[in-house]
1. Round to a whole number: what % of the accessible area of the range 29-68 belongs to carbon and sulfur, probe 1.4 Å?
2. From the phi of every residue in the range 27-32, what ³J(HN,Hα) in whole Hz does the Karplus formula 6.51 cos²θ - 1.76 cosθ + 1.60 yield, where θ is phi - 60° and glycine or proline is x?
3. By per-residue mean of other Cβ atoms within 10 Å, what is the highest-first order of 62-68, 45-51?
Amino acid sequence: QRWVRPTLRFVLGLHIVALAAGVWKAESLGDDRMALAFGVLETLLVLGYQLFAAIFVVDDMMLVRKAASAPAKCRQSEGAEPRCAGAQAPAVAADGVQDRLLGS
């Protein structure tokens, strides 16, 4: 979340700036500079979408590495399956995401 929220705010800010530039461009249809500014901001907005998707991939990889490096604290009652305090680690390992992301 350290990277996701600031990226979300950045992309949201790009939406606002691109909307303002679009309105300004619509008000001055003959001005080529405003058309260029809107085009640049629109391109930055599309790149912001790519950044937003990429930051989720990085965040997922960080979570997987954290789950893989932290040993699960398990305790086993007599005649029962082990119960782990770190419930996220078995769930991540069970679906194979950890193996695919870490290249194992």
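1. Answer for the range 29-68: carbon and sulfur cover 70 percent of the accessible area.
2. For the range 27-32, the Karplus curve yields 6, 10, 5, x, 8, 6 Hz.
3. 62-68, 45-51
The values are calculated or read from the model by the stated rules, or taken from the named source; none is laboratory data. A quick note: this is a predicted structure, and the numbers were derived from the prediction, not measured. For neighbour counting, all protein chains shown are included, and Cβ atoms are generated from backbone atoms with ideal geometry for every residue, glycine included. Note: areas computed on protein heavy atoms with side chains; ligands, DNA, RNA excluded. Shrake-Rupley method; radii C 1.70, N 1.55, O 1.52, S 1.80 Å.
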